[in-house]
1. With the cut-off at 18 Å, report for region 163-231 the share of all Cα pairs above it, as a whole percent.
2. Top to bottom by accessible area (1.4 Å), largest first, where do L224, L101 land?
3. Put H100, H256 in order of accessible area, largest first, 1.4 Å probe: what do you get?
4. Before I look further, what does region 103-156 give for accessible area per residue, probe 1.4 Å, in whole square angstrom?
5. Between region 70-104 and region 237-284, how far is it from one alpha carbon centroid to the other, in angstrom?
6. Give the carbon-plus-sulfur fraction of the accessible surface of region 130-205 in %, rounded to a whole number; probe 1.4 Å, heavy atoms of protein chains only.
7. Using the heavy atoms of the protein chains alone and a 1.4 angstrom probe, what is the accessible area of region 184-261 per residue in square angstrom?
Amino acid sequence: MAKIIRTQRAKTARVRPLPKKSAKPPKATKPARVANPAPSPPLPKAIKSKVATSEAARSKTAKPKTAKSKTPAPWTPAEVREAFSRFAKANPEPKGELEHLNPFTLLVAVVLSAQATDAGVNRATRALFEVADTPQKMIELGEDKLRDYIKTIGLYRTKARNVIALSEKLIREFGGEVPRTRAEIESLPGAGRKTANVVLNMAYGERTLAVDTHVFRVGNRTGLAPGRTPLEVELGLEKVIPAEFMLHAHHWLILHGRYTCLARKPRCDVCLINDLCRWPEKPI
């Protein structure tokens, strides 16, 4: 009798669904604390010495903190008056050192004195002014011959050209006369604010203040009228100097800077105002 063989059904593996991703990430577990952590091994002697040496070097090279320098107190009106009273007593009638014969020759001398000494200009202009002391005579002399007279002065070629040009403009626009306003003098070739102030002061008796290198140094060094530019110093001096001293103030300050308050080695020991001066480096 034949056997009946029953086929067994294949077992199907059950597929488990994947777990749903949670929106929040799992919390990080804290590392277990070690009750008594082992001490780090000591540094070798060689490394210790290198570390100590580097730290000592850093401490030596470190810049010490310095206190900010205080701005000197401005001069009081009484101190300014005292300073110029001393100047007036020592030199009641100060004179400019540029030699000249009239307002025109003064104008020419000041133009030539730019970046040159008064003594050097005087040596050149003594002979020049004997032959050309008016704008017309200067034009007749001509630029080439003028250069021969002033060739010992720095920038003499440019200055000769300017002197001829300003002489022509004086004749063309001002009737051959040196004008009496700062703006008109500044309009002349080679003339600037300092030139105008000198001419107005010395030729016409105006209470103007020309700031050259000497006045600029004195105003800043003493603290009388500090400023970054000649114009700032000029305006500062005009504010503090009493009116009765303004006519000669320009000369007193120039002479003080030229012979006492020198650029490199100021003569503080003979300075008339050393007790009033605010310069922190004065030796006395």
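The values are calculated or read from the model by the stated rules, or taken from the named source; none is laboratory data. Remember, it's a predicted structure, so these values are computed and weren't measured experimentally. Please note that ligands, DNA and RNA were not included when accessible areas were found on the heavy atoms of the full protein model with its side chains. Shrake-Rupley method; radii C 1.70, N 1.55, O 1.52, S 1.80 Å.
1. Value for region 163-231: 45 percent of Cα pairs lie more than 18 Å apart.
2. L101, L224
3. H100, H256
4. Accessible area per residue, region 103-156: 48 Å².
5. 8 Å
6. Ligands and nucleic acids excluded, carbon and sulfur reach 45 percent.
7. I get 39 Å² per residue for this part.
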